[in-house]
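Encoded as structure tokens, the structure appears first; notes follow it.
Please treat every number below as a calculation from the coordinates, not as lab data. Since the model is a prediction, treat every value here as computed from it, not as a measurement. In this analysis, Cβ positions are derived from the backbone assuming ideal geometry, glycine residues included, and neighbour counts consider all displayed protein chains.
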Amino acid sequence: MKNLFFTTLGALFLSLSTFAQDSNFGIKGGYNLAAVQYDDDFETGQRHGFHLGIYGESFLNENIALQIEFLYSQQGYELETNNATFTQKLDYLNLPLMLKLYPDNNFFLEVGPQVGLAISHKEEYKGLFFDGFREAEPDNFDWGVNFGAGFKTDSGVSFGARYHLGMGDIYDEGNPKNRVWQFSVGFDF
């Protein structure tokens, strides 16, 4: 599964740089505010984390670009009661493919699919009388849709906000799905 993931990533980067008019590559990172929604009616508390990775942006014409990214992303959730805190830590390698529309030279809107591969998982419990942790196995594959907007300077520095609407179930029970706000800063090479 990991070999297929990395092969797909390489093929997409290569194909984007081949047929595009103008391409740039860079690094990006930022803040995550992640939660999980159960059975479409209950959303957990949020876990604070970060994301970090690389991207390739290729312009198809003056106002439309495709951007592929390869990101490490800390996701999961946190639940607090009066006497305890439960934290689910899910770390992913995500592969978003974003269609970016530039209504002017600097402002952009983006939308696109994302697939992810869970690389670690840990659940922590901190209570009044005892602390503990356990490792459970979520579904390794996640998928969903991203929506976002941002601003890119003429020098190649970008600032963006994105929402990930997870569509794949993390576990078999309760239909839990990832929900992640990402706030990013990117730098073109």
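Tabulated values for the structure
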item: Gain on full stretching of the segment that runs from residue 139 to residue 99 - 0.36 nm per residue minus C-alpha separation; result: 11.7 nm
item: Residue 109/residue 43 FRET efficiency (R0 22 Å; Cβ-Cβ; nearest 0.05); result: 0.30
item: Calculated FRET efficiency for the pair residue 159/residue 54, C-beta based, R₀ 22 Å, to 0.05; result: 0.80
item: ³J(HN,Hα) computed for each position of segment 138-148 - Karplus, 6.51 cos²θ - 1.76 cosθ + 1.60, integer Hz, glycine/proline x; result: x, 5, 5, 9, 10, 8, x, 10, 10, 9, x
item: Too-long pairs where the Cα-Cα distance tops 22 Å, listed order kept, from 89/177; 100/177; 126/177; 89/126; result: 100/177; 126/177
item: Rough spin-label spacing in nm, given labels placed 7 Å along Cα→Cβ, for residue 151 and residue 123; result: 4.3 nm
item: Residue 50 long-range amide H proximity, modeled H, under 5 Å; result: 32, 74
item: For segment 30-177, convex hull volume per residue from C-alpha positions, Å³; result: 118 Å³
item: Residue 64/residue 183 FRET efficiency (R0 22 Å; Cβ-Cβ; nearest 0.05); result: 0.35
